[in-house]
Amino acid sequence: MQRKVLVIEDSAVSMNLVTRLVQQAKLMPICAATLTEAKHLFSQSNPEEFLCAVVDYHLPDAPHGEAIDYAIASFVPTIVITGRLDEETRTHVLSKEVVDYIPKENTQVYDYLSRLLARMEKNKHIGVLVVDHMRSSRTSMASLLRRHNFETFEASSAQEGLDILHQRDNVQLIVTDFKVPDMNGTQFVAELRKSWPKEQLAIIGVSSGNSALLSARFIKSGANDFLQKPYCHEEFLVRIMQNVEYIENVETIRRAANSDYLTGLPNRRHFFYSVNHVARTSPALQSVALIDLDHFKRVNDQFGHDAGDKVLKEVAKLIANHFSDHNVSRFGGEEFCLYFANVAAEEVDKSLESFRRAVRERPIRHQQQDIPISASIGVTHQGRKNLDAMLAKADELLYRAKSSGRNQLQSDLLA
């Protein structure tokens, strides 16, 4: 279901711009120029379909933010945009339970709105842990975070925070006060960094202390950021967004470095890293298989390179689904490699044979044409050898499968 965004804006220029931003975020804009029109459109829809509302502060029939109150009362997370830059308007808006306040100051604020719209959906799957000995402070921060759709967790001590971290694998950010009962905030950060690096878990330190050195102590202990209490509503949420985006950007870079650009499967470098890590546990059983698509050059020559790319992508999906519990990789060209740990040789061969048949029985559809494909497979179960030796043996068996007519499995279990 495509989520909707209620846009209430009387300026045609701003409406067009916000509408494009909503569409770029793959959301559906429901547009109204007045509060009356917005009420009518909203009443015709299912409220649960709305991700949020983007509401102008001043409207012809709602000059003092009445449309904001309507959106909030309708239980729709509300982002306010306004051309008014005075402090009184800002204070009035932020006194309400809005997601954020965006003045129409320059083009960059619309970039911020675009990021915010994308975040509203993503944040539903992200956990944020608030650690503070004062319940009122924890509740206040958690309330702000929930406006941005984060899943929030609260802890009154460092140990309680650690327990939550071990129980919840979706926590990407911790906001911790300096005054924590069982250890101070910088000690807590240092303890966290023993198990969670900055690229995996962001930490923001907060404190009401007047020491100018406290921010440096937090950063030197391993925190990503620091906030001084009392903090500005907007600054708190901007820093939250920046730190969550940092975690995501690092993960994007890591995924790009470890993945094959065409198929999305792990690449050769990551395959060796992962398999060598598993091999250090000395699994009792090890198998390595090489899969090569038969006559792949003919596919490119006859149907074009776009068709060849389509074949590789579809075969990669089949490999990922068929061998989801094992290490797989695109080794290069039309060749794929698989590693099995602690799986009986007979089961490995059975699974590979099932995959070979599935490839043969499933031609790839491209531009109203069916492209028949098949695969040759070589697999070795000589697990006491190192990985390079197993790959060499699998390659030898793959060559045997090719030279024996292709579209077959050659295993040293049967040799």
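See the values below:
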quantity	calculated
Shape category assigned to region 4-120 from the gyration tensor of Cα positions, a/c cut at 1.5	rounded
Rounded D (µm²/s) - the chain, Kirkwood Rh over Cα pairs, Stokes-Einstein at 20 °C, 1.002 mPa s	84 µm²/s
Mean separation of Cα contacts under 8 Å, 6 or more apart, over the residue count of the chain: relative contact order %	9 percent
Region 74-88 and region 294-312: distance between their alpha carbon centers, rounded to Å	54 Å
Centroid-to-centroid separation of region 15-36 and region 141-183 [C-alpha atoms, Å]	34 Å
Sorted by Cβ neighbour density within 10 Å, fewest at the top, the residues Y339, Y101	Y101, Y339
Among Q108, Q172, Q159: highest mean-square fluctuation, GNM of the chain, C-alpha pairs under 10 Å	Q108
Gyration tensor verdict on region 126-257 (Cα atoms; rounded if a/c is under 1.5, prolate if a/b is larger than b/c, oblate otherwise)	rounded
Under 15 Å from the Cα of K297 - aspartates and glutamates, other chains or at least 8 residues apart	D306, D309, E334, E335
Region 82-122: GluC sites (Glu not before Pro) in DSSP loop, at most 11 other beta carbons within 10 Å	E105
Region 217-269: chymotrypsin sites (Phe, Trp or Tyr not before Pro) in DSSP coil with no more than 12 other Cβ atoms inside 10 Å	Y261
Between 0 and 90°, nearest 10: helix 107-122 axis offset from the chain longest Cα axis	60 degrees
DSSP beta bridge pairing in the chain, given as percent antiparallel to the nearest 5	35 percent
Most mobile of N327, N386, N184 in a GNM of the chain (Cα contacts under 10 Å)	N386
Sum of -39500 (n - 2.57) over DSSP H runs of 4+, divided by residues of the chain (222 nm, nearest 500)	-14500 deg cm²/dmol
Among 253-259, 295-301, the order from most to least packed when residues are scored by Cβ within 10 Å on average	295-301, 253-259
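Throughout, read-outs are computed from the coordinates displayed, never taken from laboratory work. Keep in mind that this is a model prediction, so the values were computed, not measured. Cβ: placed from backbone, ideal geometry, glycine included. Neighbour counts: every protein chain shown.
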